[in-house]
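The block underneath contains the structure these notes are about, expressed in structure tokens.
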Amino acid sequence: MGKVTGFKEFERKNISYAPVKERIKHYDEFITPLNKKEIVKQGARCMDCGVPFCHSSYGCGVANLIPRFNDLVYKGEWEAAFRTLMSTNNFPEFTGRICPAPCEGACVLGINDNPVNIKSIEYAIIEKAYKKGWMKPQIPKNKTGKKVAIVGSGPAGLAAANQLNKAGHSVSVYERDKRIGGLLRYGIPNFKLDKKKVVQRRVNLMKEEGVEFITNAHVGVDVSVKKLQKKYDALILCGGASEPRDLPISNRDAKNIHFAMEFLSQCNSKVEGESFSKEDEIVATNKRVVVIGGGDTGSDCVGNSIRQGAKSIMQIELMPKAPPIRDANNPWPLFPRIFKLSSSQEEGCDMDFNVLSKDFIKDADGNVSGINCVKIKWGEKGFDEVEGSEFVLKADLVLLAMGFLGPQQSGLIAELDLESDERSNVKTRGFATSKEGVFAAGDMRRGQSLVVWAINEGRECALEVDEYLSKKPSMLNSKDGSLYEYKVLKN
């Protein structure tokens, strides 16, 4: 490493946020990135640790060559750092913003000190690449004549499309919604990931590279899967784990109880100029909002509810509150399960843990008015209700953010009659489904997971599809630099 004592000399420094009072007035990104001088220092903190767990299976989902690009940033070799980053990660502009950074949890320095600020370095590299004009269309020189259809334009579908286009195949991406991006576009709030400045910027670049995007095309509903199979040489399913986990308790039919993704999708669509009828619109304004689920999706509901002017917000979670430091059963290099407020939770909401929702309460007009709850205590065999701990949460809007069960079974999966695993995900051998020429990747195959793992799924699936089409080892996995290293086009 260029600065072998850097981790001793420099402290970890994090990005800063705009003041809460300012940022809740808008839906724009509100981080202040570290300046160049600070980023160089953060790169210098990377140790010559010998075995870098940050890009092992415990750390980065796409196996980024983290020590290498950290060192290059420290040395001021930004373009080389950019090439290194792009060799493993198709979309660092996404992960540099929204990834929870398991790489930092696996950082060797993190054993007894603050880990290297890898996420901020990644963000700085890719944004400099756009500013300097290094991010230019990478148009394949040779075309194979093979055609691939990808269903779903989330991170897995986009990664597969990007890789297969590099290999010279003609790629068409089918998306059932109005805009490209899947979860990136409709699930993650605009204030965490700007849709026009970041997501659409990359989609436009992929269009220039030759990828075709077809929107308002719900495959398995208004687009026939069989017709796609006849038209294309391979079909990749990247529809995600779109079936939300429900809460089938008494009075579930009350009005103003919605799945989190219904609310989040509308919020993002409004930011992009779309409007909804009064009957269909989900609004938190002047309402007592209860979010059931303590994860990132629930947190995103909190941030949007605050910006809509909710009267009050309560976020409840079935599980216990995480400890402030690692437990003995959560050692390094596992992802640290510690309590930390999200930026949205810091903006203002009440939180409660070990809470079981017993039944919803509805008024005479059929609207939800509250939730009967009870505190629980966890043990080795599950949980027990705490006697005498019953209480009522008043609510005008309830948002269910309890995760996802798997892919939608009707339509696409039913028409293809695909095999499913015990968790209802599409069953594959490698990435090949039970139907010839049909592959699956991302949350549709592995279940609900992180964006970085979806990108990895798309990359690995693309490799397998390329070998299927070309009947030879894929250059997408070659270490000779032809496709593995990202080529920078010179002016």
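Go through region 3-24 and give me each residue that's touching a residue at least 60 places away in the same chain (Cβ under 8 Å), part of a loop (DSSP other than H, G, I, E, B) and farther than 17 Å from Asn117 by Cβ. Before the answer, list the steps.
Of region 3-24, the ones touching a residue at least 60 places away in the same chain (Cβ under 8 Å) are 3, 6-7, 11-15, 17, 20, 23-24.
Still in the running and part of a loop (DSSP other than H, G, I, E, B): 3, 11-15, 24.
Within region 3-24, just Ile24 meets the criteria.
Please enumerate the residues belonging to region 101-113 that are in a loop (DSSP other than H, G, I, E, B), closer than 14 Å to His55 by Cα and out of contact with any Phe, Trp or Tyr (no Cβ under 6 Å at 6 or more places or on another chain).
Kept after step one, since they are in a loop (DSSP other than H, G, I, E, B), are these residues of region 101-113: 101, 106-107, 112-113.
Still in the list and also closer than 14 Å to His55 by Cα: 101, 106-107.
Result: Ala101, Cys107.
Collect the residues in region 207-223 that are without any contact (Cβ under 8 Å) to a residue 24 or more places away in the chain and more than 23 Å from the chain's Cα centre (by Cα), keeping them in residue-number order. First the steps, then the outcome.
Pass one, region 207-223, residues without any contact (Cβ under 8 Å) to a residue 24 or more places away in the chain: 207, 222.
Once the filter is applied, which keeps residues that are without any contact (Cβ under 8 Å) to a residue 24 or more places away in the chain and more than 23 Å from the chain's Cα centre (by Cα), region 207-223 yields only Asp222.
Of all residues in region 246-258, which are over 16 Å from Arg288 (Cα atoms) and crowded, with 17+ Cβ neighbours inside 10 Å?
Taking region 246-258 first, the residues over 16 Å from Arg288 (Cα atoms) are 246-253.
Leu247, the sole residue that qualifies.
Looking only at strands (runs of 3 or more DSSP E) that fall completely inside region 329-392, which ones have 2 or more residues that are among the hydrophobic types (A, V, I, L, M, F, W, C)? Spell out how you get there, then give the answer.
Details: elements: 350-353, 355-362, 368-379, 382-385.
Those strands (runs of 3 or more DSSP E) span 350-353, 355-362, 368-379.
Spot the failing condition for Phe69; the list is (1) within 13 Å of the chain's Cα centre (by Cα); (2) in a helix (DSSP H, G or I), and only one is missed.
(1)
Can Ile126 be described as buried (at least 22 other Cβ atoms within 10 Å of the Cβ) and farther than 30 Å from Lys471 by Cβ? Reasoning before the result, please.
Numbers: buried (at least 22 other Cβ atoms within 10 Å of the Cβ): yes; farther than 30 Å from Lys471 by Cβ: yes.
Spelling it out, Ile126 is indeed buried (at least 22 other Cβ atoms within 10 Å of the Cβ) and farther than 30 Å from Lys471 by Cβ.
Please work out which one of (1) closer than 23 Å to Gln138 by Cβ; (2) aliphatic (A, V, I, L, M); (3) within 24 Å of the chain's Cα centre (by Cα); (4) modelled with pLDDT of 95 or more is the condition Leu469 fails and give its number.
Evaluating Leu469 over (1) closer than 23 Å to Gln138 by Cβ; (2) aliphatic (A, V, I, L, M); (3) within 24 Å of the chain's Cα centre (by Cα); (4) modelled with pLDDT of 95 or more leaves (3) as the failure.
Among the residues in region 335-348, are any of a type in the set (Gly, Ala, Ser), farther than 17 Å from Ala101 by Cα and within 22 Å of the chain's Cα centre (by Cα)?
Pass one, region 335-348, residues of a type in the set (Gly, Ala, Ser): 342-344, 348.
Going one step further and asking which of them are farther than 17 Å from Ala101 by Cα, we end up with 344, 348.
If we keep only those that are within 22 Å of the chain's Cα centre (by Cα) as well, we get 344.
Within region 335-348, one or more residues are of a type in the set (Gly, Ala, Ser), farther than 17 Å from Ala101 by Cα and within 22 Å of the chain's Cα centre (by Cα).
Does Ile292 qualify as being hydrophobic (A, V, I, L, M, F, W, C) and farther than 22 Å from Arg97 by Cβ?
Details: hydrophobic (A, V, I, L, M, F, W, C): yes; farther than 22 Å from Arg97 by Cβ: yes.
Against the criterion (hydrophobic (A, V, I, L, M, F, W, C) and farther than 22 Å from Arg97 by Cβ), Ile292 qualifies.
Mind checking which residues of region 23-42 are farther than 16 Å from Gly96 by Cα, among the charged types (D, E, K, R) and either in contact with a strand residue (DSSP E or B) (Cβ under 9 Å, 6 or more places away or on another chain) or surrounded by 15 or more Cβ atoms within 10 Å (Cβ to Cβ) (or both)?
Answer for region 23-42, where residues must be farther than 16 Å from Gly96 by Cα, among the charged types (D, E, K, R) and either in contact with a strand residue (DSSP E or B) (Cβ under 9 Å, 6 or more places away or on another chain) or surrounded by 15 or more Cβ atoms within 10 Å (Cβ to Cβ) (or both): Arg23, Glu38, Lys41.
Please determine, by comparing only the residues of region 204-234 that are in contact with a helix residue (DSSP H, G or I) (Cβ under 8 Å, 6 or more places away or on another chain) and part of a helix (DSSP H, G or I), which one is farthest from Ser172 (Cα to Cα).
Lys226
Residues of region 449-463 being within 21 Å of Leu412 (Cβ to Cβ) and crowded, with 21+ Cβ neighbours inside 10 Å, which ones?
Ala454, Glu457, Gly458, Cys461, Ala462, listed by residue number.
Quick check on this structure: which one of Lys119, Lys132 is under 17 Å from the mean Cα position of the chain (by Cα), closer than 30 Å to Gly6 by Cα and surrounded by fewer than 24 Cβ atoms within 10 Å (Cβ to Cβ)?
On the way: Lys132 fails: under 17 Å from the mean Cα position of the chain (by Cα).
Residue meeting the stated conditions: Lys119.
Does any residue of region 185-201 turn out to be under 29 Å from Leu469 (Cα atoms), surrounded by 14 or more Cβ atoms within 10 Å (Cβ to Cβ) and out of contact with any Leu (no Cβ under 9 Å at 6 or more places or on another chain)?
So the first thing to find is which residues in region 185-201 are under 29 Å from Leu469 (Cα atoms), and the list is none.
Looking for residues that are under 29 Å from Leu469 (Cα atoms), surrounded by 14 or more Cβ atoms within 10 Å (Cβ to Cβ) and out of contact with any Leu (no Cβ under 9 Å at 6 or more places or on another chain), one finds none in region 185-201, hence no.
Residue by residue through region 386-409, note down the ones that are more than 24 Å from the chain's Cα centre (by Cα) and in contact (Cβ under 8 Å) with a residue 12 or more places away in the chain. Even if it seems obvious, please write down each step before you answer.
Our first condition is that a residue be more than 24 Å from the chain's Cα centre (by Cα); within region 386-409, this holds for 386-397.
Val386, Ser389, Glu390, Phe391, Val392, Leu393, Lys394, Ala395, Asp396, Leu397, listed by residue number.
Quick check on region 289-304. Is at least one of its residues in contact (Cβ under 8 Å) with a residue 12 or more places away in the chain, under 22 Å from Gly366 (Cα atoms), surrounded by fewer than 20 Cβ atoms within 10 Å (Cβ to Cβ) and not aromatic (Phe, Trp, Tyr)?
Kept after step one, since they are in contact (Cβ under 8 Å) with a residue 12 or more places away in the chain, are these residues of region 289-304: 289-304.
Cutting the leftovers down to under 22 Å from Gly366 (Cα atoms) gives us 289-292.
Restricting the remaining residues to those that are surrounded by fewer than 20 Cβ atoms within 10 Å (Cβ to Cβ) gives none.
No, region 289-304 contains no residue that is in contact (Cβ under 8 Å) with a residue 12 or more places away in the chain, under 22 Å from Gly366 (Cα atoms), surrounded by fewer than 20 Cβ atoms within 10 Å (Cβ to Cβ) and not aromatic (Phe, Trp, Tyr).
Going through region 35-64 one residue at a time, which ones are in contact with a helix residue (DSSP H, G or I) (Cβ under 6 Å, 6 or more places away or on another chain), part of a loop (DSSP other than H, G, I, E, B), aliphatic (A, V, I, L, M) and under 17 Å from Pro115 (Cβ atoms)?
The one that is in contact with a helix residue (DSSP H, G or I) (Cβ under 6 Å, 6 or more places away or on another chain), part of a loop (DSSP other than H, G, I, E, B), aliphatic (A, V, I, L, M) and under 17 Å from Pro115 (Cβ atoms): Met47.
Within region 139-188, which residues are more than 22 Å from the chain's Cα centre (by Cα) and of a type in the set (Lys, Arg)?
Selection gives Lys141, Lys143, Lys146, Lys147, Lys166.
When you scan region 137-174, how many residues do you find that are out of contact with any helix residue (DSSP H, G or I) (no Cβ under 6 Å at 6 or more places or on another chain), of a type in the set (Val, Ile, Thr) and assigned to a loop (DSSP other than H, G, I, E, B)?
Matching residues across region 137-174 total 1.
The values are calculated or read from the model by the stated rules, or taken from the named source; none is laboratory data. Fair warning: this is a prediction, and the values are worked out from it, not measured in the lab. Neighbour counts are summed over all protein chains in view; Cβ atoms, including those assigned to glycine, are modelled from backbone coordinates with ideal geometry.
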